[in-house]
Each structure stands twice: as structure tokens, then as C-alpha cells.
Amino acid sequence: HPEENRMDSSTCISLIGAPTDIGASVRGASMGPEAMRVAGLQAALEQRGLQVLDQGNLAGPANPDLPAQGGYRHLAQVIAWNQHVHEAVLAELRQDRLPLLLGGDHCLAIGSISAVARHCRERGRRLRVLWLDAHADFNTRELTPSGNLHGMPVACLCGLGPPGLTRLGGGDAPALQPGQLRQLGIRSVDPGEKRLVHEQGLEVYDMRYIDEHGMRHAMEQALLGVDADTHLHLSLDLDFLDPEIAPGVGTPVRGGPNYREAQLCMEMIADSGQLASLDLMELNPALDLRNRSARLAVDLIESLFGKSTLMRPRARAEAGGN
């Protein structure tokens, strides 16, 4: 039963700050980790009975703010940051702690998910990645209009990109096969990128699908097959949310999930009991209103770790919904 699946108090969550906007088009995501701390993330999780270890911030190259070279902006610096993220996330997983990566821009998910995939290979566990985002992030050097690497992490994780990013986790195979990934909330995709997504067979629940079938059905499909042997990783780009409720992002796209839909996503992930690692990306305090987006992110993360908005006992709520 979902109530039995929920995370117990022995779970230790490790906060890892990655203060860089090295892969982004707009500066400011480098301030994201501190904004999450200011919004009370650690205290909110501890109030849920969870142990929280704040590992501080990773250090890496500064953002030189240069134009693209060879189709990529800041490739060497992006590789360096992702190597640091990979090492940090893998170290926490090997300590049986749950890494919560505080971004930073979404290019850092290459390092994070490469580490998770490597850990799953070492432990013989299945991996399911939920990618909640307004964008498919499946651009390549040939397709990108900008060269910004925060538009390419999913492609890199699937083996399409520079070797310094596609082979971060070691081994010959890409970190992910498209079948391990589910994307939700997508509503802004470049034309060439769209063709590539179809060619690779990614499973995408875009906003049109969510409008037609509802968030509950989309999440049920995205979580289909997740079982006790599955490591569930959530990579949450805050621009997944409608900018009316989360204005503090560099690439806002109208028409995203509202507060209730976002809460339902988080609660259904919590109900699975399998969440084992998490990226919280693209929070840009420079574009936010009085840290509103960070406070919303803390609220959603609380729901991921068991805070329910239901007023009645979960068992009866579940029974009533079936």
C-alpha cells in the first residue's frame, strides 16, 4: 500500500549545491542553491523526521560568458562541473544516502544521472528517470540554435554529444537508454529536436497529453513498471511549472502545470516509495519575486518526502479513489 511505501525516518538526504549557470542562456541560476537554503529546505525536511546532511557547495570554473565554439558554449567548463557533480552524487549513493542536487542549470543533470546510472549498474538495480521540464533538452550540436548545453543533457545522457559528457560514468554504453526515461510537462521543443525525440523513441507526456488525459493518468503511465527493484530518479526543472506560480526561471514557457497538478506529481512519486535521488534545477533568484519560486520548490520537495495535502487518512483516500 502507498502508505507503507513512504520513506522512513532512517533515510538520510544529502544536499549538494552546484552554484553555476555555466550551461544556461541567462545568468543567475548560480544563486539557486543558496535561495533554496534561505527558503528553509533543510528545516522543512527535518520536520518530516528525515535526517539531512548539507554537504555545502561544489566548486568549479567561473562562467566566462563566451559565445559558442564548435556548436557548444563553455564545453570545457561544463565538463568540469559535471565531473564534480558526478563524483559528489556517486559518493553519497555509495553511502546509502539520497543525493538532492541543488542547481544550478540543467546541464548538471548529466553528471548527476550518469552517477545514478553507474550506481544502478554496480548494484544491479533498474533505473527509471522522470524528467519534469518545459523543454525536452534533447538538442545536439547540429540542432541547437544557441549552443547552450542546458538544452542538451538528455541527448548527452542517451549518448548523443561530446565524449566528455556522454561517457562520464565510465564504460562504453551511454548512461541511459531512451526506454529508461519519461518526460512530463514538455511544451517547448525545437523542430529538429522534435524529430530526434521521435527517432530515439522517448516517452513524452507533453502538456497536450496532460490536458487531454489529466495529470494522474500521465503520472500513472510514467510510473508504470516501477517496483521494489527500481531506483527512481527525479530531475525537476522549475520551468516545468507554469511561470505564474514559479517566475524565477531563465527560460519560462506559459501553459505549464498549476500548483495542484504539481502537488499531485510529487505525491504520486512519494506513493511509489522508490524515489532514491533528485535534481532540483534552474531556480534563478535574479528573476524571482521575493524568493517565491524557491519557497514553492521547498513545498513540492516536502510532498516528495511524504507531506500529504489530503485531509483524510491515506488508506481511505486510496480506497475511495479506486
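The values are calculated or read from the model by the stated rules, or taken from the named source; none is laboratory data. Only a predicted model underlies this, so the values are computations on that prediction, with no experimental measurement involved. Note that we place each Cβ from the backbone using ideal geometry, even for glycine, and neighbour counts take in every protein chain shown. For the accessible areas, the whole protein counts, side chains as well, though only heavy atoms, and no ligand, DNA or RNA atoms are used. Shrake-Rupley method; radii C 1.70, N 1.55, O 1.52, S 1.80 Å.
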Any residue that is at pLDDT 95 or above, open to solvent by less than 30 Å² (accessible area, probe 1.4 Å), more than 16 Å from Ala39 (Cβ to Cβ) and part of a helix (DSSP H, G or I) - is there at least one of those in region 284-306?
no
Filter region 212-253 for residues that are of a type in the set (Gly, Ala, Ser) and open to solvent by 30 Å² or more (accessible area, probe 1.4 Å); which is nearest to Ala134 (Cα to Cα)?
Gly225
Any idea which residue in region 209-253 is nearest to Val298 (Cα to Cα), counting only those that are over 16 Å from the mean Cα position of the chain (by Cα) and of a type in the set (A, V, I, L, M, F, W, C)?
Ile245
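Okay, residues lined up against (1) surrounded by fewer than 24 Cβ atoms within 10 Å (Cβ to Cβ); (2) in contact with a Gly (Cβ under 9 Å, 6 or more places away or on another chain); (3) more than 16 Å from Leu165 (Cα to Cα):
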position	(1), (2), (3)
Arg73	no, yes, no
His86	yes, yes, no
Leu93	yes, no, yes
Pro99	no, no, yes
Gly104	no, yes, yes
Gly124	yes, no, yes
Qualifying position, being under 17 Å from Leu232 (Cβ atoms) and within 12 Å of the chain's Cα centre (by Cα), among Leu108, Leu102, Leu130
Leu130
Assess whether Leu45 counts as being touching a residue at least 12 places away in the same chain (Cβ under 8 Å), over 30 Å from Gly147 (Cα atoms) and assigned to a helix (DSSP H, G or I).
yes
Leu168 versus (1) at pLDDT below 95; (2) out of contact with any helix residue (DSSP H, G or I) (no Cβ under 6 Å at 6 or more places or on another chain); (3) of a type in the set (A, V, I, L, M, F, W, C): which is the lone unmet condition?
(2)
Residue check, Ala35 against (1) part of a loop (DSSP other than H, G, I, E, B); (2) within 25 Å of Leu296 (Cα to Cα); (3) of a type outside the set (Lys, Arg), all met but one. Which one?
(1)
Report whether or not Ala91 is within 30 Å of Tyr205 (Cα to Cα), under 20 Å from the mean Cα position of the chain (by Cα) and either in a strand (DSSP E or B) or not acidic (Asp, Glu) (or both).
no
Among the charged types (D, E, K, R) and part of a helix (DSSP H, G or I), is that true of Arg141?
no
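Can you find a residue in region 69-76 that is part of a helix (DSSP H, G or I) and either closer than 21 Å to Asp137 by Cβ or under 21 Å from the mean Cα position of the chain (by Cα) (or both)? Quick ask: steps written out before the conclusion?
Here is the first cut: in region 69-76, the ones part of a helix (DSSP H, G or I) are 75-76.
Filter again for either closer than 21 Å to Asp137 by Cβ or under 21 Å from the mean Cα position of the chain (by Cα) (or both), leaving 75-76.
Yes - at least one qualifying residue is present in region 69-76.
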Sole miss for Asp211 among (1) in contact with a His (Cβ under 8 Å, 6 or more places away or on another chain); (2) part of a helix (DSSP H, G or I) is condition (1)
Residues in region 151-163: is at least one out of contact with any helix residue (DSSP H, G or I) (no Cβ under 7 Å at 6 or more places or on another chain), open to solvent by 10 Å² or more (accessible area, probe 1.4 Å) and under 29 Å from Pro243 (Cα atoms)?
yes
Regarding region 19-42, can at least one residue be identified that is open to solvent by 30 Å² or more (accessible area, probe 1.4 Å), touching a Ser or Thr at 6+ places or on another chain (Cβ under 9 Å) and of a type in the set (Val, Ile, Thr)?
yes
Anything in region 109-122 that is touching a residue at least 24 places away in the same chain (Cβ under 8 Å) and open to solvent by 10 Å² or more (accessible area, probe 1.4 Å)? List them, or say none.
Arg118, His119, Arg121
Enumerate the pairs (first residue in region 199-211 and open to solvent by 50 Å² or more (accessible area, probe 1.4 Å); second residue anywhere and among the charged types (D, E, K, R)) with beta-carbon separation below 6 Å, excluding pairs fewer than 6 apart on the same chain, so at least 6 apart or on different chains.
Glu203/Arg182
